[in-house]
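So the structure is just underneath, and the comments pick up after that.
The values are calculated or read from the model by the stated rules, or taken from the named source; none is laboratory data. Every value quoted in this text rests on a predicted model; they were computed, and no experiment measured them. Backbone-built Cβ (ideal geometry, glycine too); neighbour counts: all protein chains shown.
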């Protein structure tokens, strides 16, 4: 099975092992402790994409991983290089994104002696990785790379850290590259749970007011077609979590959009009325369901998830189906087809759902200005091709994107939903563009978040990875400002960004295109200019800094307590 | 609710850290923990006793099971398993009469008595945590100078 033994240094063994995993690009930044691997990267066929801060390398790898469904790879040196990766690693873990992070470490005989640029990154990263390896010999490298990729991309995906001491990169040894690896404690795949799928079907069919709640797991396992077929066959309305946005076309008649803290009014309203929910690949985050006790009251839950530990963690399920949700839904679809079921679209529940939906779509009060969040995001949707990929930063703009930007093509909307990492969207967009150079990629951004990783403009321009930054600019930390307005009696502190910097000039200084859009007409033209540009485009869109994100389910309350625009 | 968890893990460095870190990060309690290598030196057995609601304990088992380094996680039934802990107590014993009294008491609990430093006695008791607690209460009047317990191990 094994290739024949070859003599090489650890750095070369690493590159060869990465190449065997199909890696073509890595995002990174070199330093003292990873120079030997960079020397071998120089000699390899793998493209290096230089970042300006390691956190961005991790976010790029994350964006790449979410879009390609193969682990994105990032490189950093030891010490501060590794700790700078941590936020990106934790972000990937919170959102189940496949990633392999490779850090340099001080030489083995220096570990534990507080050497220059030494950090115990294995210890620090422990709760935020799916697994971490620190090979102590050259011979281990091919095996840990193989295991690392296998762990990162199977089951519930997540980040894996390979921390490689400098001498292990440098030393030469005879190495072999395994075709298979054995991990007795790792069982990512389970058989399809026929018994519980049958029980789920019975429960779903016996319920009067059912709904499908599609979470991020639906997107990770690409269960788009299965989800849509089941929804259409049973004529059941579909809501999503925020992470599940894009699991189901939001222009579909059965779509109600995301539920949660800033969910659609109609989705939250209907969610409080249902008697049975088919929940697919979701952990029932507090941001999605509000208070746990209130959510599960009077509600029968069918919970499908690949991770058995999610069952019963936040919500009690009447029926639990553990396994890959695509495989489970496929079996469910077969069972339903066998029953030759066809529910009419005239059933009373659906009629009611549509009335509620129509009411809120017509009557939800929106900000009156020309450049309101709703209007600018609907303009973006109008101009942007449906298969374009959208990422977001974290803050008001993100929640406006949830409310007003319809994700139509499956799996085209990505956001830091779990950890809520400001600065994620722009580097993630660059990673997404590397994975899918054939489609346009847009980062729906806020100014506060964009500030955090805006130096990725250098990477975008110099590495020829053009993306659009759709910068909804209120020159403030808008979400914090909204909470201070709402919960702290307008005692505004630490939120005013004082019109600094000028984003058009900032973009231009990096060699990117900067456009300020002050009307919907200018905005449409700017997006088109961005789509046709060979370099990154930053579209600066000044808005009213007092605009709130509404509806709003305040933290610690339930969906029925949703605050509406007055 | 008290539960005994028996966890077979790969015998590799850092795993005790990861298991205890999991308890801390997920807001679970560790009552006691004991670890030892198994007959096959590739594996170690950890025995953890914990307190929580039924739902919490079920979640602990699942989270432990999810760990890649754990091979098998079992929740042991108190009635169907043997669970013991070794406790050592150093007891003040300046007079002959006290020493005889302590030895008698030790006999009734099945504890062994060793000579300790400075005329003290060391009682060694292997038993269930409950019985150890009762023994501890009964020797308290003599004055406990020091004590150490291994934590529960179970099969």
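Quick one: residue A:211 ticks every box in (1) buried (at least 23 other Cβ atoms within 10 Å of the Cβ); (2) part of a helix (DSSP H, G or I); (3) touching a strand residue (DSSP E or B) at 6+ places or on another chain (Cβ under 8 Å) bar one, so which box is it?
Evaluating residue A:211 over (1) buried (at least 23 other Cβ atoms within 10 Å of the Cβ); (2) part of a helix (DSSP H, G or I); (3) touching a strand residue (DSSP E or B) at 6+ places or on another chain (Cβ under 8 Å) leaves (2) as the failure.
With the requirement that a residue be assigned to a loop (DSSP other than H, G, I, E, B) and either farther than 14 Å from residue B:22 by Cβ or within 11 Å of another protein chain (Cβ to nearest Cβ) (or both), what does the stretch B:51-61 give you?
Step one: filter the stretch B:51-61 for residues assigned to a loop (DSSP other than H, G, I, E, B), giving B:52-53.
The answer is B:53, and nothing else.
Taking into account only those residues within the stretch A:126-141 that are surrounded by fewer than 24 Cβ atoms within 10 Å (Cβ to Cβ) and in a helix (DSSP H, G or I), which is farthest from the other protein chains (Cβ to nearest Cβ)?
A:139
With (1) under 21 Å from the mean Cα position of the chain (by Cα); (2) free of Cβ contacts under 8 Å to residues at least 40 places away in the same chain; (3) in a helix (DSSP H, G or I); (4) surrounded by 11 or more Cβ atoms within 10 Å (Cβ to Cβ) as the list, and residue B:114 as the residue in question, which single condition is left unmet?
Tallying (1) under 21 Å from the mean Cα position of the chain (by Cα); (2) free of Cβ contacts under 8 Å to residues at least 40 places away in the same chain; (3) in a helix (DSSP H, G or I); (4) surrounded by 11 or more Cβ atoms within 10 Å (Cβ to Cβ), residue B:114 fails exactly one: (3).
Are any of the residues in the stretch A:169-176 more than 23 Å from residue A:30 (Cβ to Cβ), out of contact with any helix residue (DSSP H, G or I) (no Cβ under 7 Å at 6 or more places or on another chain), more than 14 Å from chain B (Cβ to nearest Cβ) and not in a loop (DSSP other than H, G, I, E, B)?
For the stretch A:169-176, residues more than 23 Å from residue A:30 (Cβ to Cβ), out of contact with any helix residue (DSSP H, G or I) (no Cβ under 7 Å at 6 or more places or on another chain), more than 14 Å from chain B (Cβ to nearest Cβ) and not in a loop (DSSP other than H, G, I, E, B): present.
Do we find that residue A:160 is outside any helix (DSSP H, G or I), away from chain B (no Cβ under 14 Å) and crowded, with 23+ Cβ neighbours inside 10 Å in this structure?
It is false that residue A:160 is outside any helix (DSSP H, G or I), away from chain B (no Cβ under 14 Å) and crowded, with 23+ Cβ neighbours inside 10 Å.
Among the numbered conditions (1) surrounded by 15 or more Cβ atoms within 10 Å (Cβ to Cβ); (2) part of a helix (DSSP H, G or I), tell me where residue A:390 comes up short.
The single condition residue A:390 does not satisfy is (2).
Would it be correct to say that residue A:144 is touching a residue at least 60 places away in the same chain (Cβ under 8 Å), assigned to a helix (DSSP H, G or I), more than 12 Å from chain B (Cβ to nearest Cβ) and crowded, with 21+ Cβ neighbours inside 10 Å? Even if it seems obvious, please write down each step before you answer.
Details: touching a residue at least 60 places away in the same chain (Cβ under 8 Å): no; assigned to a helix (DSSP H, G or I): yes; more than 12 Å from chain B (Cβ to nearest Cβ): yes; crowded, with 21+ Cβ neighbours inside 10 Å: yes.
Against the criterion (touching a residue at least 60 places away in the same chain (Cβ under 8 Å), assigned to a helix (DSSP H, G or I), more than 12 Å from chain B (Cβ to nearest Cβ) and crowded, with 21+ Cβ neighbours inside 10 Å), residue A:144 does not qualify.
Suppose we filter A:432, A:401, A:445, A:458 for residues that are in contact (Cβ under 8 Å) with a residue 40 or more places away in the chain and over 17 Å from the mean Cα position of the chain (by Cα); which single one remains?
Being in contact (Cβ under 8 Å) with a residue 40 or more places away in the chain and over 17 Å from the mean Cα position of the chain (by Cα) holds for just one of A:432, A:401, A:445, A:458, which is A:458.
Within the stretch A:115-125, restricting attention to residues that are in contact with a strand residue (DSSP E or B) (Cβ under 9 Å, 6 or more places away or on another chain) and assigned to a loop (DSSP other than H, G, I, E, B), which residue is surrounded by the most Cβ atoms within 10 Å (Cβ to Cβ)?
A:119
Considering only the stretch A:227-235, I want to know if a residue exists there that is modelled with pLDDT under 95, away from chain B (no Cβ under 14 Å), surrounded by fewer than 24 Cβ atoms within 10 Å (Cβ to Cβ) and not in a helix (DSSP H, G or I).
Among the residues of the stretch A:227-235, at least one is modelled with pLDDT under 95, away from chain B (no Cβ under 14 Å), surrounded by fewer than 24 Cβ atoms within 10 Å (Cβ to Cβ) and not in a helix (DSSP H, G or I), which makes the answer yes.
Taking into account only those residues within the stretch A:514-538 that are in contact with a helix residue (DSSP H, G or I) (Cβ under 6 Å, 6 or more places away or on another chain) and buried (at least 20 other Cβ atoms within 10 Å of the Cβ), which is nearest to residue A:376 (Cα to Cα)?
Selected residue: A:523.
Please enumerate the residues belonging to the stretch B:71-87 that are more than 9 Å from chain A (Cβ to nearest Cβ), touching a residue at least 60 places away in the same chain (Cβ under 8 Å) and farther than 16 Å from residue B:32 by Cβ. Even if it seems obvious, please write down each step before you answer.
Residues of the stretch B:71-87 that are more than 9 Å from chain A (Cβ to nearest Cβ), as a first pass: B:73-87.
Of the ones still in play, those that are also touching a residue at least 60 places away in the same chain (Cβ under 8 Å) are B:73-76, B:78, B:81-87.
Once the filter is applied, which keeps residues that are more than 9 Å from chain A (Cβ to nearest Cβ), touching a residue at least 60 places away in the same chain (Cβ under 8 Å) and farther than 16 Å from residue B:32 by Cβ, the stretch B:71-87 yields B:73, B:74.
Please specify each residue of the stretch A:535-566 satisfying the condition of being more than 25 Å from residue A:297 (Cβ to Cβ) and outside any loop (DSSP other than H, G, I, E, B).
The answer is A:537, A:538, A:539, A:540, A:541, A:542.
Checking the conditions here, which among B:4, B:48, B:68 is assigned to a loop (DSSP other than H, G, I, E, B) and either more than 10 Å from chain A (Cβ to nearest Cβ) or more than 23 Å from residue B:130 (Cβ to Cβ) (or both)?
Just one listed residue meets the conditions, B:68.
Counting only residues that are in contact (Cβ under 8 Å) with a residue 40 or more places away in the chain and assigned to a helix (DSSP H, G or I), which one in the stretch B:12-45 is nearest to the other protein chains (Cβ to nearest Cβ)?
Ranking the qualifying residues of the stretch B:12-45, first place goes to B:18.
Within the stretch A:383-394, does at least one residue satisfy the condition of being touching a residue at least 60 places away in the same chain (Cβ under 8 Å), within 25 Å of residue A:427 (Cβ to Cβ) and touching a strand residue (DSSP E or B) at 6+ places or on another chain (Cβ under 6 Å)?
yes
Each row is one residue, and each column tells you yes or no for (1) outside any helix (DSSP H, G or I); (2) crowded, with 21+ Cβ neighbours inside 10 Å; (3) in contact with a helix residue (DSSP H, G or I) (Cβ under 7 Å, 6 or more places away or on another chain); (4) assigned by TED's automatic domain parsing to the domain that holds residue A:251.
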position	(1), (2), (3), (4)
A:429	no, yes, yes, no
A:434	no, yes, yes, no
A:444	yes, yes, yes, no
A:479	no, yes, yes, no
A:484	no, no, no, no
A:489	yes, no, no, no
A:501	yes, no, no, no
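Counting only residues that are touching a residue at least 40 places away in the same chain (Cβ under 8 Å) and surrounded by fewer than 19 Cβ atoms within 10 Å (Cβ to Cβ), how many does the stretch A:309-324 have?
The number of residues fulfilling the criteria is 1.
Quick check, is residue A:112 free of Cβ contacts under 8 Å to residues at least 12 places away in the same chain, within 22 Å of residue A:186 (Cβ to Cβ) and surrounded by fewer than 18 Cβ atoms within 10 Å (Cβ to Cβ)?
No, not satisfied.
Across the stretch A:347-385, what is the total count of residues that are surrounded by 14 or more Cβ atoms within 10 Å (Cβ to Cβ), at pLDDT 95 or above and part of a loop (DSSP other than H, G, I, E, B)?
3
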